[in-house]
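Following: one structure in structure tokens, then a few remarks.
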Amino acid sequence: MTPAPAHGLRRFADINLAIGLFSALLIAGLWFYLMSKHSADRQEIISAAVRQNSNLAVAYEEHVVRTLKGFDSTLLFVRHEYRSLGRAMDIARYIAEGVVDGQLFSILSVVDEHGDIVLSNRRFEPTNYADREFFQVHRSGGADLLYISRPVLGRVSGNWQVPMSRRISKPDGSFGGVVVLSVDPGYFARFYQKSDIGVLGLVTLVGFDGIARVRRVGGELSFDIDMTKSSLMRQRARNEHGEFLSPGGFDDTQRFVSYRTLPGYPLVVAVGVAENEVLGEFRRSRYRDYVMVLLISLIIAAFSAMLVVMLARQKRAQEALANSEARFRGAFEQAAIGMAHTSLDRRYLQVNRRFCEMLGYAPEEIIGRPAGSFTYPEDREADNSYRRKLLAGEVDSVAAEKRYVRKDGSLMWVNRSVSLVRDAWGQPLYFLRIVENITERKKLESELRELASTDMLTGIPNRRVFIARLEEEHARVRRFPQQPAAVLMLDLDHFKKVNDTHGHPAGDSVLRHVAELISTRIRAVDACGRLGGEEFSILLTGATLPAAAEFAERLRRGITESPAVYEGMTLPVTVSIGIAALRAEDASSDAALLRADRALYRAKESGRDRVEVDA
């Protein structure tokens, strides 16, 4: 063999080896990139699910704690009244008059030291609770604490109930019985009926004794479930709060679970979403990617064979690079979050599919437009400050919550992160924007704030919000004594008769009717609120007592002349009103409320349906 052909064969072998190595590395890199991407995407999806679970668990915890405090306040009040009045106490009257909110529980009873029911808000046959867990716990002594029993089948109601109780002690400290109320365990699960936790989502409330007070899986409720050997109780034994992947012992469904221990109560709340539902779309997408990459790998191998045959290494290398660039472009397009490139003068250069879906525009409708085109007008000022900081190198990235206006005109809350991409020499190239849709989270936060500030029956501010507004006005009066203000206390006349005659739904309709009349007659600078039961209050800013009395008289006539209508029945309504001035010398706003309440009492004593002014 002559030297020239031998050299050609060696060169051909070198080219083959180079092509083979290049192809192998390219395929290995592609698979490594795909697996890395899938690992990152999977972790991001799991992290998002865990974050959502954690937020839901926190909200669930706050809801349950607030509810338990309300139940405990009811028990303490009834125990105090029983100690004062004995068996002459009328629990049903307290509920009818709104002193006790009877809408949240089924039965409220007093049990004597022998276990017999002696008082209740319902009619009852002679019933003994001496064998009940809560009775035996209180009879055996211990700290004076709220006791939350495991679910039982009620002997009076015949339904599943969760008894909550307090010990009654006699003057000498001996056991005098128990005050107990029973709650439908399903109440603690209905709070999340509208939450998106999937078809197999889990919401549960479990005691330290390992017994589930209630458990909801999808739309199915169950009570009194033994969970002592569950992974939830094992996790809780190690940490009071946390997240974990449950093995799915009771229904063969693995779930991502977030749990929290209630402060001050022997209870644990947990929220879980099924792993299959969280990762279902990811696994389908992963399968498609594997098929696609397998095909691409085969194509690369075919290209390599063609390069060996045609000895066109450079040309085939360029094609391989082009294919690689296309794959990276595909990764950008398939990202689970919105991504966009914007120029240094803040115009869109490139957007991915998810970003277009979020805004509702086609890519060609976005490319070339200013970055602020879709920003809600009130957020644009804050949006303009990041560019200077990034270009000056003061920060590497900027993250903030903002609002976008979608193509259909709706608002979308997002968590947006912006970073500046530079070349190898440090020169700015473009801005990279990463956008995550947080609209549902903001909606949940708004709903929770509304629950905390609104009277759920009438829709007007609740007692806490009204008292806070009254305290603000009192502070203003103390600073500017020459500017008057007045407080009105309103009480519906003979409201108990409406409930007794037509039922509580009719009474609720009357309360909503009066609340609407009040809220439509006050000015924007005034305030109103429901203090409890059939009692309302109004704050008139800048009103003297004569002006307040004139307004009160107009309001009284308006209520009298506008009867409520419920299921075709006309229900006449009259109201008694007491008025007092908000004085600068008052130690607190409570003083004005007390004076208005005294004036209201005089109006009641003087025949009702009238206005009285505290002089």
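The values are calculated or read from the model by the stated rules, or taken from the named source; none is laboratory data. Predicted, not measured: the structure shown is a model, and the values here were computed from it. Ideal geometry is used to build each Cβ from the backbone, glycine not excepted, and the neighbour counts take in all protein chains shown. In case anyone asks, the SASA skips ligands and DNA or RNA and just uses the protein heavy atoms, side chains included. Shrake-Rupley method; radii C 1.70, N 1.55, O 1.52, S 1.80 Å.
Considering segment 91-107, the residues that are surrounded by 14 or more Cβ atoms within 10 Å (Cβ to Cβ) and charged (D, E, K, R) include one that is modelled with the lowest pLDDT, namely Asp101. When each of Arg380, Arg354 is tested for being surrounded by fewer than 16 Cβ atoms within 10 Å (Cβ to Cβ) and either touching a residue at least 12 places away in the same chain (Cβ under 8 Å) or part of a helix (DSSP H, G or I) (or both), the lone residue that passes is Arg380. The selection criterion, being part of a strand (DSSP E or B) and polar (S, T, N, Q), does not hold for Gln136. Can you tell which of Ser36, Ser47, Ser54 is of a type in the set (S, T, N, Q), assigned to a helix (DSSP H, G or I) and either more than 26 Å from the chain's Cα centre (by Cα) or modelled with pLDDT of 90 or more (or both)? From the options Ser36, Ser47, Ser54, the qualifying one is Ser36. Residue under question is Gly542, and the condition is that it be open to solvent by less than 40 Å² (accessible area, probe 1.4 Å), at pLDDT below 95 and of a type outside the set (Lys, Arg); does it hold? Against the criterion (open to solvent by less than 40 Å² (accessible area, probe 1.4 Å), at pLDDT below 95 and of a type outside the set (Lys, Arg)), Gly542 does not qualify. Of the residues Asp491, Asp455, the single one that is closer than 30 Å to Lys604 by Cβ and within 18 Å of the chain's Cα centre (by Cα) is Asp455. Residues in segment 407-448 that are part of a strand (DSSP E or B) and open to solvent by 50 Å² or more (accessible area, probe 1.4 Å): Leu411, Trp413, Asn415, Arg422, Leu429, Tyr430, Ile434, Glu436, Asn437.
Beta carbons closer than 7 Å, at least 6 apart along the sequence or on distinct chains, pair a first residue in segment 276-304 that is of a type outside the set (Gly, Ala, Ser) with a second that is surrounded by 17 or more Cβ atoms within 10 Å (Cβ to Cβ) and outside any helix (DSSP H, G or I) for Glu277/Gly198; Glu277/Leu200; Val278/Phe256. Selection of segment 397-406 for residues being in a strand (DSSP E or B), modelled with pLDDT of 85 or more and over 14 Å from Ala340 (Cβ atoms) yields Arg403, Val405.
Pairing each residue of segment 72-93 that is more than 16 Å from Pro163 (Cα to Cα) with any residue that is in a helix (DSSP H, G or I) and open to solvent by 20 Å² or more (accessible area, probe 1.4 Å), provided the two are 6+ apart or on different chains, yields C-beta distances under 6 Å for Met89/Glu81; Met89/Tyr82. Just one of (1) open to solvent by 20 Å² or more (accessible area, probe 1.4 Å); (2) within 26 Å of Glu97 (Cβ to Cβ); (3) of a type in the set (A, V, I, L, M, F, W, C); (4) part of a helix (DSSP H, G or I) fails for Ala475. It is (2). Check segment 333-341 and report whether any residue there is in contact with a strand residue (DSSP E or B) (Cβ under 6 Å, 6 or more places away or on another chain), surrounded by 15 or more Cβ atoms within 10 Å (Cβ to Cβ), at pLDDT 85 or above and not hydrophobic (A, V, I, L, M, F, W, C). For segment 333-341, residues in contact with a strand residue (DSSP E or B) (Cβ under 6 Å, 6 or more places away or on another chain), surrounded by 15 or more Cβ atoms within 10 Å (Cβ to Cβ), at pLDDT 85 or above and not hydrophobic (A, V, I, L, M, F, W, C): present. Only one of the numbered conditions (1) surrounded by 17 or more Cβ atoms within 10 Å (Cβ to Cβ); (2) within 32 Å of the chain's Cα centre (by Cα) is violated by Arg79, and that is (2). Consider segment 265-276 and keep the residues that are outside any strand (DSSP E or B) and touching a Lys or Arg at 6+ places or on another chain (Cβ under 9 Å). The one that is least open to solvent (accessible area, probe 1.4 Å) is Glu275. Within segment 217-249, how many residues turn out to be part of a helix (DSSP H, G or I) and over 26 Å from the mean Cα position of the chain (by Cα)? Number of matching residues: 3.
Evaluating Gly393 against the criteria (1) closer than 25 Å to Glu440 by Cβ; (2) free of Cβ contacts under 8 Å to residues at least 24 places away in the same chain; (3) of a type in the set (Gly, Ala, Ser) leaves one unmet condition, (1). For segment 357-377, the candidate set comprises residues that are of a type in the set (D, E, K, R) and either more than 31 Å from the chain's Cα centre (by Cα) or modelled with pLDDT of 85 or more (or both); within that set, the residue that is least open to solvent (accessible area, probe 1.4 Å) is Glu365. Taken over segment 231-250, residues that are touching a Ser or Thr at 6+ places or on another chain (Cβ under 8 Å), open to solvent by less than 30 Å² (accessible area, probe 1.4 Å) and either more than 23 Å from Ile46 (Cβ to Cβ) or of a type outside the set (A, V, I, L, M, F, W, C) (or both) amount to 3. Considered as a group, the residues in segment 550-576 that are open to solvent by 30 Å² or more (accessible area, probe 1.4 Å) and in a strand (DSSP E or B) include one that is farthest from Ala592 (Cα to Cα), and that residue is Met569. Please determine whether any residue of segment 55-76 is surrounded by 15 or more Cβ atoms within 10 Å (Cβ to Cβ) and either over 27 Å from His241 (Cβ atoms) or touching a Cys at 6+ places or on another chain (Cβ under 7 Å) (or both). Among the residues of segment 55-76, at least one is surrounded by 15 or more Cβ atoms within 10 Å (Cβ to Cβ) and either over 27 Å from His241 (Cβ atoms) or touching a Cys at 6+ places or on another chain (Cβ under 7 Å) (or both), which makes the answer yes. Note on segment 194-213: among residues that are β-branched (Val, Ile, Thr) and at pLDDT below 85, the one that is least open to solvent (accessible area, probe 1.4 Å) is Ile197. Screening Ser140, Ser182 for residues that are farther than 30 Å from Glu277 by Cβ, surrounded by fewer than 13 Cβ atoms within 10 Å (Cβ to Cβ) and among the hydroxyl-bearing types (Ser, Thr, Tyr) leaves exactly one candidate, Ser140. Within segment 577-615, how many residues turn out to be assigned to a strand (DSSP E or B) and open to solvent by 20 Å² or more (accessible area, probe 1.4 Å)? Summing the residues that are assigned to a strand (DSSP E or B) and open to solvent by 20 Å² or more (accessible area, probe 1.4 Å) in segment 577-615 gives 4. Of the conditions (1) outside any loop (DSSP other than H, G, I, E, B); (2) without any contact (Cβ under 8 Å) to a residue 40 or more places away in the chain; (3) hydrophobic (A, V, I, L, M, F, W, C); (4) surrounded by fewer than 19 Cβ atoms within 10 Å (Cβ to Cβ), Ala130 clears all except one; give me its number. (1) is the only condition that Ala130 fails.
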